[in-house]
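Down below is the structure, laid out as structure tokens.
The values are calculated or read from the model by the stated rules, or taken from the named source; none is laboratory data. Bear in mind the structure is a predicted one, so any value in this text is a computation, not a measurement. Quick reminder, even Gly has a Cβ in these numbers, built from the backbone with ideal geometry, and neighbours come from all protein chains shown. Side chains are part of the model used for accessible areas, which takes the heavy atoms of the whole protein and leaves out ligands, DNA and RNA. Shrake-Rupley method; radii C 1.70, N 1.55, O 1.52, S 1.80 Å.
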Amino acid sequence: MRRFVLAVLCAAALPLAAIAQEQGPQITVTGEGRAAAVPDMATVTLGVTAQDADAGAAMAETNRVAGAILDRLEGMGIEARDRQTSDLGLQPVWSNYRDDRAQEITGYEASNRLTVRVRDLAQLGDVLGAVTEDGANRLSGLSFGLQDPDPVEEEARRDAVADAMQRARVLAEAAGVTLGPVLSITESGGGYAPEPMMMMEARDKSVPVAAGETVLAARVTMVFSLGEGDQ
């Protein structure tokens with residue numbers, strides 16, 4: 001029985017070995033591409049915090065300010081789908097530590113964080129000014145993006161493929177072999193390139209903001225067959 005199983009395994013391995021031999025030598029390279037575009041959308045993360053000796057009063061104050069901000073955003077034409085409560089929090093505030101006295105709770109801090117998408121960048125400065133005027137005291141994130149990123153992503157992918165092919169040509173030439181056809185292409189990573197985040201506390205009526213450009217990145221791994229070099 002054991003001989004029969006071993007014979008079956010050997011027979012199954014023979015086609016795999018034959019396939020690997022038929023494929024011959026290969027080279028695997030990774031290419032990276034980037035494409036930039038002027039952003040047409042911004043995502044803002046803002047927050048409201050309030051402290052009070054009573055937990056309910058602290059939460060009520062943050063809810064009041066957050067409600068006023070949401071009403072203001074609605075009045076400015078920000079659609080409901082672009083206004084979202086992303087986090088609610090309530091935590092105790094402790095007294096300073098002293099050697100002769102244990103720490104104790106002196107009050108509570110409530111927080112309410114909102115995420116807002118602004119699809120009209122000409123309106124962004126006014127939106128930031130309005131929400132801080134209404135009581136937002138934390139602005140923890142500002143990022144720019146594209147409402148339709150597909151064309152820019154395609155450009156980044158083309159750039160990544162071109163980069164991988166150029167790398168493969170250089171490596172094959174340096175090794176003295178010829179570059180054969182593409183055997184496989186795999187995409188990995190990609191997305192928005194890192195952007196600086198914005199931290200501020202302000203109560204200006206309008207906040208000056210420069211959108212700059214949005215960069216999308218792509219990465220592909222390509223496998224090429226290799227032939228013999230010139231004789």
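Annotations
- Of the set (1) at pLDDT 80 or above; (2) closer than 30 Å to residue 69 by Cα, all apply to residue 192 but (1).
- Single match in 47, 77 (criterion: part of a loop (DSSP other than H, G, I, E, B) and either among the charged types (D, E, K, R) or within 29 Å of residue 214 (Cβ to Cβ) (or both)): 77
- Among the residues here, residue 53 does not qualify as open to solvent by less than 50 Å² (accessible area, probe 1.4 Å), at pLDDT 85 or above, within 30 Å of residue 114 (Cβ to Cβ) and of a type in the set (A, V, I, L, M, F, W, C).
- Selection over region 82-141 of residues that are in contact with a strand residue (DSSP E or B) (Cβ under 7 Å, 6 or more places away or on another chain) and small (Gly, Ala, Ser) gives a count of 10.
- Residue 109 more than 23 Å from the chain's Cα centre (by Cα), surrounded by fewer than 12 Cβ atoms within 10 Å (Cβ to Cβ), of a type in the set (Asp, Glu) and within 28 Å of residue 57 (Cβ to Cβ): no
- Within region 213-225, residues that are within 15 Å of residue 32 (Cα to Cα) sit with their Cβ atoms under 6 Å from residues that are among the acidic types (Asp, Glu), at 6+ positions apart or across chains, in these pairs: 216/153; 219/32; 220/187.
- Members of region 211-227 found to be modelled with pLDDT of 90 or more and either part of a loop (DSSP other than H, G, I, E, B) or charged (D, E, K, R) (or both), listed by number: 219
- Residues that are within 26 Å of the chain's Cα centre (by Cα) and at pLDDT 90 or above do occur in region 172-185.
- Every residue from region 54-102 that is farther than 30 Å from residue 147 by Cβ, out of contact with any Asp or Glu (no Cβ under 8 Å at 6 or more places or on another chain) and hydroxyl-bearing (Ser, Thr, Tyr): 62, 97
- For region 133-184, a tally of residues being part of a helix (DSSP H, G or I) and open to solvent by 10 Å² or more (accessible area, probe 1.4 Å) returns 22.
- Matching residues, region 88-121, being at pLDDT below 90 and either within 30 Å of residue 143 (Cβ to Cβ) or not in a strand (DSSP E or B) (or both): 95, 96, 97, 99, 100, 102, 103, 104
- Which listed residue, of 81, 119, 138, is within 30 Å of residue 56 (Cβ to Cβ), out of contact with any His (no Cβ under 7 Å at 6 or more places or on another chain) and basic (Lys, Arg): 138
Conditions (1) at pLDDT 95 or above; (2) open to solvent by less than 30 Å² (accessible area, probe 1.4 Å), marked per residue:
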{"residue": "28", "(1), (2)": "yes, no"}
{"residue": "33", "(1), (2)": "yes, yes"}
{"residue": "40", "(1), (2)": "no, no"}
{"residue": "49", "(1), (2)": "no, no"}
{"residue": "66", "(1), (2)": "no, yes"}
{"residue": "69", "(1), (2)": "no, yes"}
{"residue": "72", "(1), (2)": "no, no"}
{"residue": "86", "(1), (2)": "no, no"}
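- Only listed residue being more than 14 Å from residue 45 (Cβ to Cβ), in contact (Cβ under 8 Å) with a residue 24 or more places away in the chain and among the β-branched types (Val, Ile, Thr), chosen from 132, 106, 115, 85: 106
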